[in-house]
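Colleague: This is the structure I want to talk about, given as structure tokens.
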Amino acid sequence: MMTRREALKTTALAAACATVLPSATAQPAAPVTMPAPAAGGPFTLPPLSYLYDALEPHIDAQTMRIHHDKHHQAYVTNLNAAVAGNADLEKKSVEDLLKDLTALPEAVRAKIQNNGGGHYNHSLFWQMMAKGAGGEPKGELAAAIDKKFKDFAGFKTELTTAATGRFGSGWAWLVLGPDKQLAIESTANQDSPISAGKNVLLGIDVWEHAYYLKYQNLRADYIKAWFNVVNWDFVADRYGKLMA
Ligand code: MN
């Protein structure tokens, strides 16, 4: 949740940017016709659908609180600041912003890539986990995983290898390509597969902020534990919709 002070700061920043940025097309000083973005901008932090401690003991409550309330909020705040003053960008969804990064103004492209990616990736990530989840997928998704990776163990090994091998901060993903084939990949920083025309099915955040409080340098232990909270119902539902 954004505090009133933060909201005021963001609004003030947005107003400052709106005043400074469009210098190429000199606007009359008044009246301001552009509607002010609501409470800090078009993007908002989605609430978690479970309590901070729901994923214990695998993901600890303090990590969830800081990860969601501080890190994800910062991506939202910075994304709002990046689009502020640009009416075209302000009305786009985060998906549409990320789908074609080259279409973005160069001045804000990296900011949107990083913070839009952060907002999009985390919005999905929270839903990819659930209390009492884990186990293995069922139905069509399970069949597709078996076909691609031989069996669930093969899939798990490949995703684990991608997550372990990502140098520095980033993500490992199960994606659905434009060819409707499953694939495993990893991305650096907050880059999202959606920018390369792929749909995310499942992703694991391997930034240190996702695990350091509980696991310190032991990323492999975090990855192993994370499989115990994977919300396969969400992933299977997403797969079904994307294949339909
Ligand atoms: Mn994160």
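The values are calculated or read from the model by the stated rules, or taken from the named source; none is laboratory data. From a predicted model like this one, the values you see are computed outputs, not experimental measurements. Because the Cβ atoms are built from the backbone with ideal geometry, glycine has one as well, and the counts that use them run over all protein chains shown. The protein model used for the area step is the full one, side chains on, heavy atoms only, and it has no ligands, DNA or RNA in it. Shrake-Rupley method; radii C 1.70, N 1.55, O 1.52, S 1.80 Å.
Colleague: Is the C-alpha gyration tensor of segment 44-129 telling us rounded, prolate or oblate? Criteria: a/c under 1.5 is rounded; beyond that, a/b larger than b/c is prolate, otherwise oblate.
Modeller: Judged from the Cα gyration tensor, segment 44-129 comes out prolate (a/c at least 1.5, a/b above b/c).
Colleague: Calculate the dipole size of segment 139-243 relative to its Cα centre from +1 charges on Lys and Arg beta carbons and -1 charges on Asp and Glu beta carbons; express the result in debye to the nearest 20.
Modeller: Once rounded to the nearest 20, the dipole reads 80 debye.
Colleague: Same structure, new question: Could you sort 68, 209 by accessible area so the largest value comes first, with the probe set to 1.4 Å? Write out the running numbers ahead of the final one.
Modeller: Working: 68 10, 209 40 Å².
Of 68, 209, the descending order of accessible area is 209, 68.
Colleague: How would 201, 101 line up by accessible area, probe 1.4 Å, largest first?
Modeller: Sorted descending by solvent-accessible area, the residues read 101, 201.
Colleague: Set the bar at 32 Å for Cα to Cα. Now go through 180/214; 91/148; 180/224; 99/148 and name every pair that lies beyond it.
Modeller: Numbers: 180/214 37 Å; 91/148 38 Å; 180/224 27 Å; 99/148 26 Å.
Violating the 32 Å Cα-Cα cut-off are 180/214; 91/148.
Colleague: Ok, one more. Mind checking the log10 I(q)/I(0) for segment 139-243 at q = 0.11, 0.14, 0.24 Å⁻¹? Debye, one equal scatterer per Cα, no solvent, two decimals.
Modeller: Calculated log10 I(q)/I(0) at the listed q: -0.32, -0.53, -1.42.
Colleague: Just list whichever of 70/198; 138/198; 111/198 have alpha carbons separated by over 25 Å in the model shown.
Modeller: Numbers: 70/198 28 Å; 138/198 22 Å; 111/198 21 Å.
In this structure, 70/198 lie more than 25 Å apart at Cα.
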